[in-house]
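*Asks:* Please see the structure below; I have some questions.
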Amino acid sequence: MNAKTPPGDAPARLGPGDVLRVGAAGLRSRPARVFLSALGIAIGIAAMIGVVGISTSSRAQLQVTLDRLGTNLLTVGPGQDFFGDTAKLPGESVGMVGRMPDVESASATAKLEDVNVYRNDHIPEGQSGGISVLAARLDLPRTVGLTMAAGTWLNAGTAQYPAVVLGSATADRLGVAAPNVQVWLGSQWFTVVGILNPNELAPELDDAALVGWDAAAAHLGFDGHPTTVYTRAREDAVAKVRDLLAATANPRSPNEVQVSRPSDALAAENATDRAFTGLLLGLGGVALLVGGVGVANTMVISVLERRAEIGLRRSLGATRGQIRLQFLTESQLLAALGGVGGVALGIVVTAVFAVTQSWPTVVPVWAMAGGILATLVIGGVAGLYPAVRAARLAPTEALS
């Protein structure tokens, strides 16, 4: 200890380096207990960092998805008429929407009622697997942003004949891994020409089998009325287009039209994730509190075990303030050790989870700094009582 004793009766002063060395010496003498106490702090901090990091990484992935798919996709569907029955969109609605000044492209699908698809003609009709059969226009991939996992999309030729493109989930349910096989659709054989990749903005297409608009009319009794019109608006005119879509799609009965924005559903899902994140942060706070109790317990026991050391230091001239500072420093170092370990563990947990989900790994700096600050606060609070108790011990009482 590099304490300098000034002349007279003035007490020796400890520099910052001396304080750290004295505090660290107390921790080195009880490594197992220090490790377990720091572990309690580390678990709480790691839980909080992990929750914040995973939530932030999820939002970053959502932003990447929205940047890729765009937030300017709107959908138009039939609502209910005056009598509460499902209304119908006019057959001309796609063309009318596509001619709007601020619309970049428009396409549509139509659900074919009472038409199911099966892997072969031996499967009972009731076992449809919830797969919907949709008539689709040729420009659907460009408007919605569909990509192919295998094969090709419908073209001017295949759209007129019994050809079908399967959504990703549909292909899995039917056991179709590649095109150029046949499935039993609408009581006749259709040839699979392509399989779609999953699409976050139009998940209903993942569970569908899509046939050409003309083929649906010729072979499956399609009446020409779309059930969903997909509209890609200009980025700076989404709100304007949204306000006009209902009246444009069905000028006679705009009140029978429903307009939605698929990206809003993703944002709502993200809001739900944030609410769940708040709950997990609360649980992490509880774990952190338990770790703080462990630090306080360790420091109280340390004071009881080191009465002789405290008495000897007091006899040699250490003031009560120096004793308090020594034990406060010990608790701060103990908490900081757990905090640094917890931040590192939280980053590792976030990185591992993000990699397994193919997300970007994002851990906010404020979360890491807040974790360290929280541990210092907890260390100060947890060490305050033991430090005061140690300082109050009289030399004769401590040495007895």
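*Asks:* On full extension of the chain, what length is gained from Asp243 through Leu66, given 0.36 nm per residue of separation minus the C-alpha to C-alpha distance?
*Replies:* Numbers: separation 177, 0.36 × 177 = 63.72 nm, distance 2.17 nm.
In short, 61.5 nm is gained.
*Asks:* Can you pull the Kirkwood radius for the range 28-134, inverse mean 1/r over Cα pairs, to one decimal in Å? The partial results should precede the final answer.
*Replies:* Numbers: mean 1/r = 0.0481 Å⁻¹.
Answer for the range 28-134: a Kirkwood hydrodynamic radius of 20.8 Å.
*Asks:* With a probe of 1.4 Å, find how much accessible area the range 68-201 has per residue, and write the answer as a whole number in Å². List each step's numbers first, then the result.
*Replies:* Values: 6320 Å² over 134 residues.
Ligands and nucleic acids excluded, the result is 47 Å² per residue.
*Asks:* Kindly report, to the nearest 10 Å², the accessible surface of Tyr161 as traced by a 1.4 Å probe over protein heavy atoms only.
*Replies:* 140 Å²
*Asks:* Translational D (Stokes-Einstein, µm²/s) of the range 191-258 at 20 °C and 1.002 mPa s when Rh comes from the Kirkwood sum over C-alpha pairs?
*Replies:* Roughly 144 µm²/s, to the nearest whole number.
*Asks:* Amide H neighbours of Thr227 under 5 Å, counting only residues 5+ apart in sequence or on other chains, H built in-plane at 1.01 Å?
*Replies:* Here the answer is Thr109, Ala110, Lys111, since their amide H atoms fall under 5 Å of that of Thr227.
*Asks:* Then there is this: To the nearest 10 Å², what's Thr319's accessible area with a 1.4 Å probe?
*Replies:* Surface accessible to solvent at Thr319 totals approximately 50 Å².
*Asks:* Let me ask you something else. Shape call for the range 91-156 from the C-alpha gyration tensor, a ≥ b ≥ c root eigenvalues: rounded (a/c under 1.5), prolate (a/b greater than b/c) or oblate? Please list the in-between numbers first.
*Replies:* Numbers: a/c = 3.41, a/b = 1.92, b/c = 1.78.
Judged from the Cα gyration tensor, the range 91-156 comes out prolate (a/c at least 1.5, a/b above b/c).
*Asks:* Let me ask you something else. Can you tally the net charge around Asp223? Count Lys and Arg as +1, Asp and Glu as -1, for every other residue whose Cβ sits under 14 Å from the Cβ of Asp223.
*Replies:* Details: positive: Lys88, Lys111; negative: Glu92, Glu113, Asp114, Asp214.
Once positives and negatives cancel, what remains is -2.
*Asks:* For the range 85-213, list log₁₀ I(q)/I(0) at each q in 0.09, 0.19, 0.20 Å⁻¹, using the Debye formula over Cα point scatterers of equal strength and ignoring solvent, two decimals each.
*Replies:* Reported log10 I(q)/I(0), two decimals: -0.25, -1.06, -1.16.
*Asks:* When the accessible area of the range 85-242 is computed with all protein chains present and a 1.4 Å probe, what percentage of it is carbon and sulfur? If you can, show how the numbers build up before the last one.
*Replies:* Working: 3420 of 7050 Å².
With neighbouring chains kept in place, the figure for the range 85-242 is 49 percent.
*Asks:* Compute the relative contact order of the range 44-182 as a whole-number percentage, counting only Cα pairs closer than 8 Å that sit 6 or more residues apart in sequence.
*Replies:* Working: 84 pairs, mean separation 21.9, N = 139.
This gives 16 percent for the range 44-182.
*Asks:* Could I have the simple spin-label model distance between Tyr385 and Gln80, label points 7 Å from Cα toward Cβ, reported in nm to one decimal?
*Replies:* Spacing of the two 7 Å Cα→Cβ label points: 6.1 nm.
*Asks:* Can you tally the net charge around Ala156? Count Lys and Arg as +1, Asp and Glu as -1, for every other residue whose Cβ sits under 12 Å from the Cβ of Ala156.
*Replies:* Numbers: positive: Arg137; negative: Asp139, Asp214.
Net local charge, Ala156 excluded: -1.
The values are calculated or read from the model by the stated rules, or taken from the named source; none is laboratory data. From a predicted model like this one, the values you see are computed outputs, not experimental measurements. Ideal geometry is used to build each Cβ from the backbone, glycine not excepted, and the neighbour counts take in all protein chains shown. With ligands, DNA and RNA removed, areas are computed over all heavy atoms of the protein, side chains included. Shrake-Rupley method; radii C 1.70, N 1.55, O 1.52, S 1.80 Å.
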